[in-house]
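Quick notes on the structure that follows.
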Amino acid sequence: MAEDLKAGAVLFAQNLPRVAKFYAELVPMTVTLAGSDLIVLESKHFQLVVHPVPTRIAKANPITSPPARRTNVPAKLIFPVASLADVRDRAPALGGELDPPSKEFEARGFRACDAHDPEGNVVQFREIAGRSEP
């Protein structure tokens, strides 16, 4: 039945395990399927499928260190988190980075901050507005 299905997204990556670990640990999500051709992460209401980038595209877009942000793309993932400060502290060890607190903004009951994952994909993390940072 449709009510048993989750909303989700497919994210293409060159290093599936590294990108999957970034989202699994920061969002958090559980790995429900791990293979060489995809890794599926799930939370209660969302599923993220990490799929390999085709080789010809990967060769034309090498991942730098630190990764260059991919800002000219048609979509950006958004994930709720308990604490932006916690995600900001933990992201670098997982290969990503949040923008500084000065770049955070509030709207419609949330505080948000953009970030990038280990491959430069821009992602936004949101916490409930009004929470004090630790």
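How about the stretch 79-134: which of its residues are closer than 20 Å to Glu42 by Cα and of a type in the set (Val, Ile, Thr)? Passing the criteria: Val81, Val87, Val122, Val123.
When the stretch 93-131 is filtered for residues that are of a type outside the set (A, V, I, L, M) and in contact (Cβ under 8 Å) with a residue 60 or more places away in the chain, the ones remaining, listed by number, are Gly95, Gly96, Asp117, Pro118, Glu119, Asn121, Phe125.
All of Ala75, Ala82 fail the test of being without any contact (Cβ under 8 Å) to a residue 60 or more places away in the chain and either crowded, with 16+ Cβ neighbours inside 10 Å or not in a helix (DSSP H, G or I) (or both), apart from Ala82. Among the residues making up the stretch 47-60, those that are of a type outside the set (Val, Ile, Thr) and surrounded by 13 or more Cβ atoms within 10 Å (Cβ to Cβ) are Gln47, Leu48, His51, Pro52, Ala58.
Read-outs: derived from the displayed coordinates by stated rules, not from any lab. The structure presented is a predicted model; accordingly, all values stated were derived computationally and were not measured. Cβ: placed from backbone, ideal geometry, glycine included. Neighbour counts: every protein chain shown.
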